[in-house]
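J.: The structure follows.
The values are calculated or read from the model by the stated rules, or taken from the named source; none is laboratory data. This is a predicted model, so every value here is computed, not measured. Reconstructed Cβ throughout: ideal geometry from the backbone, glycine too, with neighbour counts over all protein chains shown. Heads up: the accessible areas ignore ligands, DNA and RNA and are worked out on the full protein's heavy atoms, side chains in. Shrake-Rupley method; radii C 1.70, N 1.55, O 1.52, S 1.80 Å.
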There are 2 protein chains.
Amino acid sequence: MFELYFKKVNEKISLTAAEEELCKSFFVYKKLRKRQYLLQEGEVNKYTAFVEKGVLRSYTVGENGAEHILQFALEGWSIGDIYSFITGEPSKYNIDALEDSELLLLSKPAVDEMMLRVPKIQQYYYLQMQNAYVALQRRMTMNISQTAEEKYKTLLAAYPEIIQRVPQHMIASYLGVKPETLSRIRRKKL
Amino acid sequence: MFELYFKKVNEKISLTAAEEELCKSFFVYKKLRKRQYLLQEGEVNKYTAFVEKGVLRSYTVGENGAEHILQFALEGWSIGDIYSFITGEPSKYNIDALEDSELLLLSKPAVDEMMLRVPKIQQYYYLQMQNAYVALQRRMTMNISQTAEEKYKTLLAAYPEIIQRVPQHMIASYLGVKPETLSRIRRKKL
DNA sequence: AAATAGCATTGACATTTGTCAAGTAAATAC
DNA sequence: GTATTTACTTGACAAATGTCAATGCTATTT
């Protein structure tokens, strides 16, 4: 149940068996059914979730009720509202499961303790943070410089799994276009 | 010449006079004339720059020669290509000054050494990284959910100084619209 | 199996944004 | 100070995307 997590960690740093065992003790395992919330707007985000299995998404809801998707997280990715997690303020985001999913949760005290007991792991999380930032920057560049069709192609090339496993109207929201527009873009290439 | 930097740092953590002195020794002071580069595409980004005075911007250049602006940095902000800084790979970004500017540069070895000698400062940089991420996330949400006009208003409300000090066509690029479109948006409200 | 609800597709049309071209204003160079 | 370049504005038109409404499809519920 920790296979994927340590696979990912050991791509970046290397932990001894003893260190791995110690790490495990800080996580809480959680299953989420499709459509279940991990976090709802207004709650404090107490955990960052590593996805062992399934797909989650984070999103906001506008005044008009429209959903705006910020992030998808497939197996091997992490998700959570960092801002709320750190500050303890209520989150503006919702996070829920798009498929039945299995998660490894880490609370803030657990992170702190883990960093203390297994200092090496700090580097992994720092790298993670950087990667997340860089990825977001890339998405930003894509968004200001490309048309709807180009954005779709870029996403398809970079993360084909997302396109396959996520409903189309959510992909549209992620790209910042209407579902009808995405449907028309897709029709072109059949 | 370090006033602004320590003003910012001490908003988050508190350093003793001795610690401040120690910190100072890790920075390199640099003046940049308007239009001068801090970083050019293809170079390795060796420094993160804290802006004491002036305005810088980071941007990419597309195949068609169009510039896409990623970030502005006014007094009190930092700028640099984190990815290149960390990995040592050549940067895909350009960074230059939009006004005569004064910078405090920190190299990677200097950061490492500073963190070691003044551990407290680690927290400041971790917070900085988080804030940068959260700000980018906000911008992303704005970009996928708002029209050109709304994006302009949002930017104007959040960072009026940017609008005043940066050429309009760069604002347009930052928002992901054409200069003509921005000009027409601005005309409406006079 | 039938009923329901949500999702994807399509068409007609409206709105927003982009493109091209021209002209003016402002900044910079000489 | 004049010349030259660069930035901003404006208009006419084109292209992209959004809106609204109808339809069929698929999955879920009962």
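J.: Pick out which of A:76, A:176, A:65 has the largest mean-square fluctuation in a Gaussian network model of chain A, springs linking Cα atoms closer than 10 Å.
T.: Per the Cα network of chain A with a 10 Å cutoff, A:65 tops the list.
J.: For the stretch B:3-119, how big is Rg over Rh, using alpha carbon atoms and the Kirkwood form of Rh?
T.: Rounded to two decimals, Rg over Rh is 1.00.
J.: Tally Lys/Arg at +1 and Asp/Glu at -1 over every other residue whose Cβ is under 12 Å from the Cβ of residue B:180; what's the total?
T.: +4
J.: How many partner chain Cβ atoms sit within 10 Å of a residue's Cβ in peptide B:134-146, on average, as a whole number?
T.: Partner Cβ neighbours, averaged per residue: 6.
J.: For residue B:150, place a label point 7 Å from Cα along the Cα-to-Cβ direction in every copy; what are the distances to the other copies, in nm, shortest first?
T.: Label-point distances to the other copies, shortest first: 2.3 nm.
J.: I'd like the distance separating the alpha-carbon centroids of the stretch B:1-40 and the stretch A:1-69, in whole Å.
T.: Centre-to-centre (Cα) distance: 37 Å.
J.: If you don't mind, another one. The stretch A:1-36: which trypsin sites (Lys or Arg not before Pro) are DSSP loop and have at most 14 other beta-carbon atoms within 10 angstrom?
T.: Filter output for the stretch A:1-36: A:33, A:34, A:35.
J.: I'd like the carbon and sulfur percentage of the solvent accessible area for the stretch A:3-114, probe radius 1.4 Å, heavy atoms only, ligands and nucleic acids excluded.
T.: Solvent-exposed carbon and sulfur of the stretch A:3-114 make up 49 percent of the total.
J.: Restricting to DSSP loop positions (anything but H, G, I, E, B) with no more than 11 other Cβ atoms inside 10 Å of their own Cβ, which GluC sites (Glu not before Pro) remain in the stretch A:31-113?
T.: Loop-located and lightly packed - A:63.
J.: May I ask for the Rg/Rh ratio of the stretch A:116-190, computed from Cα atoms with Rh as the Kirkwood radius, given to two decimals?
T.: 1.15
J.: According to the square roots a ≥ b ≥ c of the eigenvalues of the Cα gyration tensor, what is the shape class of the stretch B:44-190, taking rounded for a/c under 1.5, prolate for a/b larger than b/c otherwise, and oblate for the remainder?
T.: prolate
J.: Quickly work out the residue A:67-to-residue A:126 label distance, labels modelled 7 Å from Cα along the C-beta direction, and quote it in nm with one decimal.
T.: 3.7 nm
J.: Give me, ordered by chain and number, the residues 5 or more places off residue B:48 or on other chains with an amide H under 5 Å from its own placed amide H.
T.: Here B:106 satisfy the definition.
J.: Looking at chain B as a GNM with Cα springs under 10 Å, which of B:143, B:64, B:45 has the largest mean-square fluctuation?
T.: Of the options given, B:64 has the highest mean-square fluctuation.
J.: Using the heavy atoms of the protein chains and a 1.4 angstrom probe, tell me the accessible area per residue for the stretch A:1-159 in square angstrom.
T.: 50 Å²
J.: May I pose another question? How big is the convex hull of the Cα atoms of the protein assembly as shown, per residue, in Å³?
T.: Expressed per residue, the convex hull around the Cα atoms of the protein assembly as shown is 163 Å³.
J.: Within the set of other residues whose C-beta is less than 12 Å from the C-beta of residue B:127, count the net charge using Lys and Arg as +1 and Asp and Glu as -1.
T.: That works out to +2.
J.: Another question about this same structure. Below 14 angstrom from the Cβ of residue A:81, what's the summed charge of the other residues (Lys, Arg +1; Asp, Glu -1)?
T.: Surrounding charge for residue A:81 is +1.
J.: How far apart, in nm, are two points set 7 Å out from the Cα along the Cα-to-Cβ line at residue B:31 and at residue A:86?
T.: Taking the simple label geometry, residue B:31 and residue A:86 are separated by 3.5 nm.
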